[in-house]
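Engineer: Here it is, the structure, as structure tokens.
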Ligand code: TYD
Ligand code: MG
């Protein structure tokens, strides 16, 4: 092989250096300089060569075949939904998530289920460990090959032998290529290995799914450019102490990013949850104060969630406000609105708010349910178990309309609620819902109806 040339580039301003240094002379940023391959082999690319003749030619747009994109069915309903109907051949999918959340479990489970010849490459666990995990998940053996390897050249060698139809890499941070000397997990290694895999995927039309670790602040470890290079970025999230996991798409070149998949972590792997509302609200057998049900949208999917509030007299001078699954600043805003606009004295009370099931919701349409839960706990009167809510609360105490109201109402109806509170400014299609739609304009009206 001919000599490989590398150089060092500042990731901030692009200045090139012959060797590494801590600070960029031109933009003065620290630790932004990384090694990159600038020339793999001695080739003058502009001269006609055999390879150049094979290269893609420009086509007029009407000449391009626009036949429907073929999708590979993964036999996993939730993954198919998030990807927009299945795996697109030749695509690169990056799955990110915190350590221990279940990324390896999810992808191993999918590789065991896939009706295609699959190569699962792990740089993190031994073949035995993976076999043990596979035994927990299923007892069916299929055409899934396990390889423990971290060097991309060796992986490609095995790929040529096995000719898999799907390749899964756990994880991109453990890979390294011969072309770069930096250690595995460094920015330049990650980038070069991803580039090699992209080239492989596009040339052979074999989809590649990569696992990516995420850093403390929640972004995928490695350069941001990794997210730009791949076709699809999925995120696996959830509270590790809870059983529910959400698979979200952050970027998708072949579908919408609004879809979302829900799984339940069990002793025998992840179970697809096809009707999430039923598990996120507790059985309505007894009425307790401080809980209210909100009809929210997670992506395109309506979801009923339970909000719990606890309001109690503060023991210390400064009252505590704490939330799980809900934005703490938003809670403070709602408390201020309740105090100032609706005359509820909550200034000296501790307020704790929790969304059950360990999920995090940032849909503003749950505001009204938050208000109802807080007032219910404060008055110690339960919210009727047949009521639910779908509206945003504004700064002047007005109840504001929310999007996709029809779907929210239908979901509430499906789950057997008898009344739903919505904003009177929402345009509700005139039709017969099997549920009473209560149109309200101010918080006081809601409080009047409930207590
Ligand atoms: P893992 O897939 O190793 O996480 P990641 O690859 O994202 O770091 O998930 C590990 C967790 O999942 C571990 O705490 C055990 C749990 N688990 C189950 O609860 N049931 C199972 O069947 C399996 C395989 C794992
Ligand atoms: Mg793992």
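The values are calculated or read from the model by the stated rules, or taken from the named source; none is laboratory data. Given the structure is predicted, the values throughout are model-derived calculations rather than measurements. Here Cβ is always computed from backbone atoms with ideal geometry, including for glycine, and neighbour counts include all displayed protein chains.
Engineer: If you take the residues in region 108-134 that are over 21 Å from residue 74 (Cβ atoms) and near ligand 1 (Cβ under 10 Å from one of its atoms), which one is surrounded by the fewest Cβ atoms within 10 Å (Cβ to Cβ)?
Structural biologist: Result: 132.
Engineer: State the number of residues belonging to region 161-204 that are touching a residue at least 40 places away in the same chain (Cβ under 8 Å) and away from ligand 2 (no atom under 16 Å from the Cβ).
Structural biologist: So the count comes out to 24.
Engineer: What is the one condition in (1) in a strand (DSSP E or B); (2) surrounded by fewer than 22 Cβ atoms within 10 Å (Cβ to Cβ); (3) touching a residue at least 24 places away in the same chain (Cβ under 8 Å) that residue 254 does not satisfy?
Structural biologist: Every condition holds for residue 254 apart from (1).
Engineer: What residue, among those in region 407-451 that are assigned to a loop (DSSP other than H, G, I, E, B) and touching a residue at least 40 places away in the same chain (Cβ under 8 Å), is farthest from residue 298 (Cα to Cα)?
Structural biologist: Ranking the qualifying residues of region 407-451, first place goes to 451.
Engineer: Within region 230-248, work out how many residues are outside any strand (DSSP E or B) and either at pLDDT 90 or above or buried (at least 23 other Cβ atoms within 10 Å of the Cβ) (or both).
Structural biologist: Residues in region 230-248 being outside any strand (DSSP E or B) and either at pLDDT 90 or above or buried (at least 23 other Cβ atoms within 10 Å of the Cβ) (or both): 3 in total.
Engineer: Which of (1) modelled with pLDDT under 90; (2) crowded, with 16+ Cβ neighbours inside 10 Å; (3) away from ligand 1 (no atom under 16 Å from the Cβ) does residue 51 not meet, given it meets every other one?
Structural biologist: (2)
Engineer: Looking at (1) surrounded by 10 or more Cβ atoms within 10 Å (Cβ to Cβ); (2) under 30 Å from residue 118 (Cα atoms); (3) modelled with pLDDT of 85 or more, find the lone condition where residue 20 falls short.
Structural biologist: Single failed check for residue 20: (2).
Engineer: Quick check on residue 100: is it on the phi > 0 side of the Ramachandran plot, in the same structural domain as residue 231 (by TED's automatic domain parsing) and within 16 Å of ligand 2 (Cβ to nearest atom)?
Structural biologist: yes
Engineer: Hey, another quick one. Tell me, please, whether a residue that is part of a loop (DSSP other than H, G, I, E, B) and either touching a strand residue (DSSP E or B) at 6+ places or on another chain (Cβ under 7 Å) or away from ligand 1 (no atom under 16 Å from the Cβ) (or both) can be found in region 149-159.
Structural biologist: Looking for residues that are part of a loop (DSSP other than H, G, I, E, B) and either touching a strand residue (DSSP E or B) at 6+ places or on another chain (Cβ under 7 Å) or away from ligand 1 (no atom under 16 Å from the Cβ) (or both), one finds at least one in region 149-159, hence yes.
Engineer: May I pose another question? Would you confirm whether or not region 68-87 contains a residue that is within 12 Å of ligand 2 (Cβ to nearest atom) and under 24 Å from residue 243 (Cβ atoms)?
Structural biologist: No, region 68-87 has no match at all.
Engineer: Moving on to the next point. Within region 290-324, which residues are surrounded by fewer than 19 Cβ atoms within 10 Å (Cβ to Cβ), in a loop (DSSP other than H, G, I, E, B) and touching a residue at least 40 places away in the same chain (Cβ under 8 Å)?
Structural biologist: 299, 300
Engineer: Take region 376-402 and flag every residue that is part of a loop (DSSP other than H, G, I, E, B), in contact with a helix residue (DSSP H, G or I) (Cβ under 6 Å, 6 or more places away or on another chain) and free of Cβ contacts under 8 Å to residues at least 40 places away in the same chain.
Structural biologist: If the condition is that a residue be part of a loop (DSSP other than H, G, I, E, B), in contact with a helix residue (DSSP H, G or I) (Cβ under 6 Å, 6 or more places away or on another chain) and free of Cβ contacts under 8 Å to residues at least 40 places away in the same chain, then 402 is the only one that fits.
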